[in-house]
Amino acid sequence: MLEVRNLVKEYNRIAAVDDVSFSIQPGEILGYLGPNGAGKSTTVKILTGLIEATSGKVYFEGADVSKDMVPFQRRFGYVPEEAHVYPHLGGREYLQLVGRLRGLPREPLDRRMDELLRQFGLWEDRHSPLSSYSKGMRQKILLSGALLHDPDLLILDEPFSGLDVTTAVVLRTLLHRLASAGKMILYSSHVLEVVERVCTRVVILRKGKVVAHDRVERLREMLSEGSLEGVFAQVTGQEDPEIRAGRIIEAMRL
């Protein structure tokens, strides 16, 4: 189990993440939602060890990960929101680098990366530099790298960004299959329709604080909303989109 307890991250005494707590059980996909600036990416960066929390703890299988991040980092796969890759490397070279950094033996690494390249439709471009890849192709490489070592936990920050429709459908199915196999998945996204289809539970942030944390069905029932989009708008205080659209049109005609 992954457990986040009372996580706080402050910048100049202003909390970007403010007393956030949640857990993910094996076999569960947790949606992590919020408007821009709500603290989603900050939380993800703390979990992956990119930045340190001001206070609070993260536990994985009962162990405090801050005491030794390396064993924890070996157990998760991470897809960041921005596809920062080494542009001069080919797709296969990049996966080879990721696999070696993960400590995978050569033979299983070769088998896994070649099959992932085929399944993600990148085989013909495996030797092309990543600088020539489209956004969707780079996203597929990041996904392949995150899956290469068969992680117990997946941390996904906007994983569908740039993907074509076919790959997006495959990825949704894949996430369900991985959860059924006992994997833990943290899914951070702005695309509420996908979250509603994929996630077991959701955490919704507003200004760094948790404003909702439950199963999607229960949140819809409690707030008398027909969709996750309605729940999200209500708990985050979002303005009616019709009103906002009208004001944008007015601004165009000033």
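The values are calculated or read from the model by the stated rules, or taken from the named source; none is laboratory data. Note that the coordinates shown come from a computational prediction; the quantities given were computed from them, not determined experimentally. Cβ placement follows ideal geometry from the backbone for every residue including glycine, while neighbour counts extend to all protein chains displayed.
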Segments classed as strands (runs of 3 or more DSSP E), wholly inside region 25-137, with at least 2 members that are in the same structural domain as residue 193 (by TED's automatic domain parsing) and either free of Cβ contacts under 8 Å to residues at least 60 places away in the same chain or among the hydroxyl-bearing types (Ser, Thr, Tyr) (or both): 55-60
Single condition residue 38 does not satisfy, out of (1) among the small types (Gly, Ala, Ser); (2) surrounded by 14 or more Cβ atoms within 10 Å (Cβ to Cβ); (3) over 22 Å from residue 198 (Cβ atoms): (3)
Failed item, numbered, when residue 103 is tested on (1) closer than 28 Å to residue 43 by Cβ; (2) over 20 Å from the mean Cα position of the chain (by Cα); (3) surrounded by 14 or more Cβ atoms within 10 Å (Cβ to Cβ): (3)
Region 189-218, residues that are of a type in the set (D, E, K, R) and part of a helix (DSSP H, G or I): 193, 196, 197, 217, 218
Failed criterion for residue 137 (all others in (1) surrounded by fewer than 20 Cβ atoms within 10 Å (Cβ to Cβ); (2) of a type in the set (A, V, I, L, M, F, W, C); (3) within 21 Å of the chain's Cα centre (by Cα) hold): (1)
Evaluation of residue 141 against (1) within 27 Å of residue 23 (Cα to Cα); (2) of a type outside the set (Ser, Thr, Tyr); (3) outside the structural domain of residue 40 (by TED's automatic domain parsing) (one fails), failing number: (1)
Of all residues in region 219-254 being in contact (Cβ under 8 Å) with a residue 24 or more places away in the chain and either outside the structural domain of residue 31 (by TED's automatic domain parsing) or not in a helix (DSSP H, G or I) (or both), the one that is farthest from residue 194 (Cα to Cα): 237
Test for residue 48: is it buried (at least 19 other Cβ atoms within 10 Å of the Cβ), under 20 Å from the mean Cα position of the chain (by Cα) and not aromatic (Phe, Trp, Tyr): no
Qualifying residues in region 194-234 (those that are out of contact with any helix residue (DSSP H, G or I) (no Cβ under 8 Å at 6 or more places or on another chain) and of a type in the set (Val, Ile, Thr)) - the one surrounded by the fewest Cβ atoms within 10 Å (Cβ to Cβ): 210
Inter-residue pairs, beta-carbon under 7 Å, first crowded, with 16+ Cβ neighbours inside 10 Å and in region 158-178, second among the aliphatic types (A, V, I, L, M) and assigned to a loop (DSSP other than H, G, I, E, B), 6+ apart: 160/191; 171/163
Subset of region 179-193 that is more than 23 Å from residue 65 (Cβ to Cβ) and not hydroxyl-bearing (Ser, Thr, Tyr) - its residue that is surrounded by the most Cβ atoms within 10 Å (Cβ to Cβ): 192
Test set (1) modelled with pLDDT of 90 or more; (2) in contact with an Asp or Glu (Cβ under 7 Å, 6 or more places away or on another chain) - residue 158 fails condition number: (1)
